[in-house]
Amino acid sequence: MILYNVTTSLDPEIAEEWVTYMRDIHMPEVMATGFFLKSQLCRLLNEEDNGITYASQYYCVSLEQLEEYQLVAAPALIQEIEKHFGGRYASFRTMLEVVD
């Protein structure tokens, strides 16, 4: 299993709006692509620099499936986030193999 983790640091003044957008719009749209089995949104507890940081996590069966998502669906979804929150957040993405 592969975990696709998107870590996002936000300005505190947009945090509530961003979380609502993620829960109600973005994450359901990502799941609707069919590439992922489950998702979750986590808030980091060890904040730094007066920002708020979240981890959006998505699970899929293979690295190939994740790479296909990144080519086919991710660019349009990222563009939508930019329309709403451009310049008010910073994100980085990591791909992890789940070791059970």
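A simple spin-label model places the labels of residue 84 and residue 59 2.4 nm from each other, with each point 7 Å out along Cα-to-Cβ.
How much of the accessible area of the range 2-97, in percent, comes from carbon and sulfur atoms when a 1.4 Å probe is used? Exposed carbon and sulfur together represent 51 percent of the surface.
Which angle between 0 and 90 degrees, to the nearest 10, do you get for helix 74-85 versus the longest principal axis of the chain when only C-alpha atoms count? In the chain, helix 74-85 runs at an angle near 10 degrees to the longest axis. Mean separation of Cα pairs under 8 Å and 6 or more residues apart, divided by the residue count, gives the chain a relative contact order of 49 percent. Using a probe of 1.4 angstrom and keeping all protein chains present, the accessible surface of the chain works out to 62 square angstrom per residue.
Against the globular-protein guess of 2.2 N^0.38 Å, express the Cα radius of gyration of the chain as a ratio, rounded to two decimals. Intermediate results must be reported in sequence, preceding the final value.
Details: Rg = 13.4 Å, N = 100, 2.2 N^0.38 = 12.7 Å.
For the chain, the normalised Cα radius of gyration is 1.06.
Rg/Rh for the range 1-48 stands at 0.99; both radii use Cα atoms, and Rh follows the Kirkwood definition.
Estimated at the nearest 10 Å², the accessible area of residue 42 is 50 Å² with a 1.4 Å probe.
Taking the three principal axes of the alpha carbon atoms in the range 56-100, the coordinate ranges are 37, 21, 11 Å, sorted in descending order.
Using a probe of 1.4 Å on the protein chains alone, the accessible area found for residue 16 is around 150 Å². Computed with every protein chain present, the accessible area of residue 37 is close to 110 Å² [probe 1.4 Å].
The values are calculated or read from the model by the stated rules, or taken from the named source; none is laboratory data. These numbers were taken from a predicted model, which means no experiment stands behind them. A quick note on method: Cβ atoms are made from the backbone with ideal geometry, for glycine too, and the neighbour counts reach across all protein chains shown. Just the protein is used for accessible areas: all its heavy atoms, side chains included, with ligands, DNA and RNA removed. Shrake-Rupley method; radii C 1.70, N 1.55, O 1.52, S 1.80 Å.
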